[in-house]
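Structure first, then comments.
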Amino acid sequence: MTQPVFRFAPSPNGKLHLGHAFSALLNFRAAEALSGRLLLRMEDIDVVRCTPDYEAGIVEDLTWLGIGWEEPILRQSEHFDDYRAALGKLEELGLVYRAFLTRAEIKRYVAEFEAGSRTWPRDPDGAPLYPGDAAVLSETELAERRKGDAAYALRLDMKAALRELKKPLSWWEGPADCSKAKNASDWYLGREVVADPAAWGDVVLARKETPTSYHLSVVVDDARQGITDVIRGRDIFPATSVHRLLQVLLDLPELRYRHHELVLAEDGQKLSKSNFDTSLQSLRSASVSVQIIESRLLKNP
Ligand code: GLU
C-alpha cells in the first residue's frame, strides 16, 4: 500500500473548538499509526470572513495540542485560478449553468409552494433544492438579468451530470477513531456506501464574484495534495456524494473516507464557532490541559 496522506482542512473564519480538535487529533494519530503524512489546508475561499488572525489562532491551537504537519500550509485563497480551470472543464462538458434566482426569491417560491399541504424537496443540509429560473422568472426578466449586471450562481446541472456516469457511484467508508483500532489492518475494514448526489439537486459550484465553492475546491485540493485518506466530521458525510460525483466528472482519484462522530455541547447541540466556552483558546486560557482534552475526545467523543 502506498503511504497514506491525511489532511486537516479548517476554515479560518473563527476559533477552533473541541470538535475541530477531535478531527485534527484523529488525523494526526492516524498518520502516526499508519506511518502516513499529515498536511494542513486553510479553506479560506470566503475572503471576507476568513482572516490571517484566525489562521494564526489555528496554528497556535494545533501546536498547543501537539499536532505537527508537513509544511507548507495550502491556502485555498491562493489557488482561485485552479478552481476556475476545474469549473471550465465542467462547463465544457455542458454541466454548468448560470442561476439567477436570489435567496429571497427561492424562499418566496418555496413558501408559496408549501402554502398548500405540499412540501418542497430539501437537500441533506435542509436547504430547498433549486427550483430553476423558469419557475419564478418570465423569459423577459431572465433575458434582462442575463444582459445586465445581475448576480448569479454557477450551478451543476445534476441531471446532466448523472447522465455522464458510466457506473453507479459509491465510496469507501472506514473507521475514523484509531483509539479503537488494535492494529493497522483494522483501519482498512470499511464498507462501500452508495452515493446519492441527486439528493443535493443543482449544487452551487461558484458565484459571479467567487470562482469556487466548498464542494469544488475540496475535490480539487484533495487531488492536488495527493490526499489518500480523509477523516472529517459526520456532518459532511452526505456531501461526500457530491465530492465523489465531481471527482468522476473531473477525472480525479478516488479517496478513502472516514467520518467521525461529532463532539456535542453539554446540551446535546452541535458546537459552533460562536460558542466561546468550547473554543480551544478559552480552554487553554482556563488552564485546561491537553491531556484532559485528549482523553475526553479520544475515549469518549
Ligand atoms: N473546511 C471544512 C470545515 O472546516 C472541512 C472540510 C473537509 O474536511 O472536507 O468544516
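Restricting attention to segment 47-69 and to residues that are part of a helix (DSSP H, G or I) and aromatic (Phe, Trp, Tyr), the residue that is farthest from the chain's Cα centre (by Cα) turns out to be TRP64.
Return the residues of segment 243-257 that are at negative phi and away from the ligand (no atom under 11 Å from the Cβ); say none if nothing qualifies.
Answer for segment 243-257, where residues must be at negative phi and away from the ligand (no atom under 11 Å from the Cβ): ARG244, LEU245, LEU246, GLN247, VAL248, LEU249, LEU250, LEU252, PRO253, GLU254, ARG256.
Of all residues assigned to segment 189-211, at least one qualifies as being farther than 23 Å from PRO4 by Cα and polar (S, T, N, Q).
Anything in segment 44-99 that is in contact (Cβ under 8 Å) with a residue 40 or more places away in the chain and polar (S, T, N, Q)? List them, or say none. Selection gives GLN76 alone.
Considering only segment 226-240, I want to know if a residue exists there that is more than 15 Å from the ligand (Cβ to nearest atom) and in contact with a Leu (Cβ under 7 Å, 6 or more places away or on another chain).
So far as segment 226-240 goes, no, none of its residues is more than 15 Å from the ligand (Cβ to nearest atom) and in contact with a Leu (Cβ under 7 Å, 6 or more places away or on another chain).
All told, GLN247 meets the bar of being surrounded by 15 or more Cβ atoms within 10 Å (Cβ to Cβ), under 16 Å from the mean Cα position of the chain (by Cα) and part of a helix (DSSP H, G or I). The set of residues from segment 58-82 being farther than 20 Å from GLN281 by Cα, surrounded by 13 or more Cβ atoms within 10 Å (Cβ to Cβ) and charged (D, E, K, R) comprises GLU70, ARG75, ASP82.
Does GLY226 satisfy being touching a Phe, Trp or Tyr at 6+ places or on another chain (Cβ under 8 Å), more than 24 Å from LEU16 (Cβ to Cβ) and at pLDDT 95 or above? No, not satisfied.
Residues in segment 89-120 that are over 23 Å from LEU250 (Cβ atoms), surrounded by 11 or more Cβ atoms within 10 Å (Cβ to Cβ) and out of contact with any strand residue (DSSP E or B) (no Cβ under 7 Å at 6 or more places or on another chain): PHE100, LEU101, THR102, GLU105, LYS107, ARG108, TYR109, ALA111, GLU112, PHE113, GLU114. Any residue in segment 70-87 that is in a loop (DSSP other than H, G, I, E, B) and closer than 24 Å to LEU216 by Cβ? Yes, segment 70-87 contains a residue that is in a loop (DSSP other than H, G, I, E, B) and closer than 24 Å to LEU216 by Cβ.
Read through the list (1) in a strand (DSSP E or B); (2) crowded, with 17+ Cβ neighbours inside 10 Å, then give the number of the only condition that ASP44 fails. Only one criterion in (1) in a strand (DSSP E or B); (2) crowded, with 17+ Cβ neighbours inside 10 Å is unmet by ASP44, namely (1). The set of residues from segment 190-225 being touching a Gly at 6+ places or on another chain (Cβ under 9 Å) and either over 22 Å from TRP120 (Cβ atoms) or within 12 Å of the ligand (Cβ to nearest atom) (or both) comprises GLY190, ARG191. Based on this model, can you work out whether ASP186 counts as of a type outside the set (A, V, I, L, M, F, W, C), touching a residue at least 60 places away in the same chain (Cβ under 8 Å) and farther than 29 Å from ILE106 by Cβ? In short, no. Say we look at segment 8-64 and pick out the residues that are of a type in the set (Ser, Thr, Tyr) and within 13 Å of the ligand (Cβ to nearest atom); which of these is nearest to ALA184 (Cα to Cα)? Top of the filtered list is SER23.
The values are calculated or read from the model by the stated rules, or taken from the named source; none is laboratory data. The structure presented is a predicted model; accordingly, all values stated were derived computationally and were not measured. Here the Cβ is made from the backbone with ideal geometry for all residues, glycine too, and neighbour counts use every protein chain on show.
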